[in-house]
Amino acid sequence: MEDQERFVPQPEDRFTFGLWTVGNRGRDPFGDAVRPTIAPTTIVRELSRLGAYGVTLHDNDLVPIDATPAERDRIVREFKAALDDHHLAVPMVTVNLFYDPVFKDGALTSAAPAVRRFAVDKAKRAMDLGHELGATIFVLWGGREGAEVDAAKDPRDALRWYRESLNELTDHIIRNGYPMRIALEPKPNEPRSDIYLPTVGSMLAFIQTLDHAERVGVNPEVAHAKMAGLNPVHEVAQAIDQQKLFHIDLNDQRIARFDQDLRFGSDDLKGTFYLVKLLEDSGYDGPRHFDAHPYRTEDIEGVWQFARGSMRSYLAYREKVRRFHQDGEIQAVLARIQKLHSEGPAIDGEASLNWWRERGYAYEELDQLVTELLLGMR
Ligand code: GCO
Ligand code: MN
Ligand code: MN
């Protein structure tokens, strides 16, 4: 295939973007917006033109929190018309439980029953909206579910409220007959000093305590794992191992920084390669969802460059994975390593252990080949 064609995204590649990603206006804690608002229907048109499969949204990315029922219906109708016109899907929706000041000390884990009630009802309405748009995945990111002052709230209470809320949400799905599953998104901190259930592992353990564990999985994010100092590939692998990878947020992040939301694959080449390799080799067939922000330096043109670049990079990494599997030298080293393990001396006491003590594993050779593959030398 021609180089140009090979990296042109197609709907079957299942690339999706949140309305809030390309729509991000570049606000940060130190400065105001640098870009105008882009209408959701414009985002739909542009993403479709660029070859994306779908778009995702928080309830309030589309419908303002104070919209009347009539306004809500009109907005949803116009949005659906744009989706139809441009053949874009909405595989996932989520709920904003972090922006409204009412959530400043948590939504589903607020100690105030009235706040928890409002949060659960808001999430149910977002599920209804999602179902109306055809979404089968509901992401829950508990950005405000955390603490600065542990004296104020017993974390065991917070977990109990979290569990009760989630049980009510799975009941809502089941009672309405929605073909929908929930994907919990862990993050260690930001905006809270510490967020409850900060890693994929903690989420997976918590899910087992829910009434309908089969309906709940995870939505790991590259940046969140790195913020916790973890290896995102290992986090995602554990989710796959438990058949709980319901969705994924792709972006990039430097270790020990604030939440950067960098363009997918733009910083950590080797880490990204292994992540794409894992997704492709495991047969993950869910959306490849980008949750990142264009740099604050960009105008609208830069926003579309960002979207195009995210998808092109995924395809370029995928191509490298293909080459990895086809590269004679890499495969020969792998075969040697495999042979070493299968044909090395079996368990027969000290003699065999000494043999294994002295053995080299050829991982230097393998790693150099991977490095050269990524540097375009192979
Ligand atoms: C973040 C999160 C969010 C969530 C989104 C979907 O760090 O702010 O990654 O972008 O993914 O709210 O629930
Ligand atoms: Mn994030
Ligand atoms: Mn995310």
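Annotations
- Across the accessible surface of the stretch 67-223, with the other protein chains kept in place and a 1.4 Å probe, carbon and sulfur atoms take up 53 percent.
- Computed FRET value (nearest 0.05) for Val76 with Glu12, which takes r as the C-beta separation and R₀ as 22 Å: 0.25
- Given the chain, longest segment not containing exposed loop GluC sites (Glu not before Pro) (DSSP; at most 11 other Cβ within 10 Å): 149-378
- With the charge dipole of the chain set up from +1 on Lys and Arg Cβ and -1 on Asp and Glu Cβ about the Cα centre, the Cα lying farthest toward the positive end among the listed residues His58, Ala335, Ala239 is that of His58.
- Only helices enter the 222 nm calculation for the chain: every DSSP H run of n ≥ 4 contributes -39,500 (n - 2.57), and dividing by all residues gives -15500 deg cm²/dmol, rounded to 500.
- Classification of the stretch 69-203 by its C-alpha gyration tensor yields a prolate form. The axis ratio a/c (a ≥ b ≥ c) is 1.5 or more, and a/b outweighs b/c.
- Overall form of the stretch 1-85 per C-alpha gyration tensor (a/c, 1.5; a/b vs b/c): oblate
- Phi to ³J(HN,Hα) by Karplus 6.51 cos²θ - 1.76 cosθ + 1.60 over the stretch 291-296, Hz, x for Gly, Pro: 10, 9, 10, x, 4, 5
- The stretch 189-294: trypsin sites (Lys or Arg not before Pro) in DSSP coil with no more than 16 other Cβ atoms inside 10 Å: Arg254, Arg257
- Lys/Arg +1, Asp/Glu -1 at C-beta; the chain dipole; positive extreme among Met311, Pro345, Val149: Val149
- Two-site FRET efficiency, Arg117 against Asn231, from Cβ-Cβ distance with R₀ of 30 Å, rounded to 0.05: 0.20
- For the stretch 291-378: accessible area per residue (Å², 1.4 Å): 61
- An oblate overall shape is assigned to the stretch 133-259, the ratio a/c of its alpha-carbon gyration tensor axes (a ≥ b ≥ c) being 1.5 or greater and a/b not exceeding b/c.
- Entry note: the chain has Rg to Rh equal to 1.01, where both radii use alpha-carbon atoms and Rh is the Kirkwood radius.
- Karplus 3J(HN,Hα) series, Hz, for the stretch 136-151 with 6.51 cos²θ - 1.76 cosθ + 1.60 (x for Gly, Pro): 10, 10, 10, 8, 10, 10, x, x, 9, 7, x, 7, 10, 10, 5, 5
- Förster radius 35 Å - calculated FRET efficiency between Arg257 and Thr37, Cβ distance, rounded to 0.05: 0.80
- DSSP bridge analysis restricted to the chain gives an antiparallel fraction near 15%, rounded to the nearest 5.
- The region of the chain that goes longest without hitting one of the chymotrypsin sites (Phe, Trp or Tyr not before Pro) in a DSSP loop, each with at most 11 other Cβ atoms within 10 Å, is 31-360.
- Positive-end extreme of charge dipole, the chain - chosen from Trp161, Val218, Leu275 (charges on Cβ): Trp161
- The share of accessible area on the stretch 272-378 that comes from carbon and sulfur is 51 percent, using a 1.4 angstrom probe.
The values are calculated or read from the model by the stated rules, or taken from the named source; none is laboratory data. Note that the structure is predicted; figures quoted are calculated from it, not measured. Quick reminder, even Gly has a Cβ in these numbers, built from the backbone with ideal geometry, and neighbours come from all protein chains shown. In case anyone asks, the SASA skips ligands and DNA or RNA and just uses the protein heavy atoms, side chains included. Shrake-Rupley method; radii C 1.70, N 1.55, O 1.52, S 1.80 Å.
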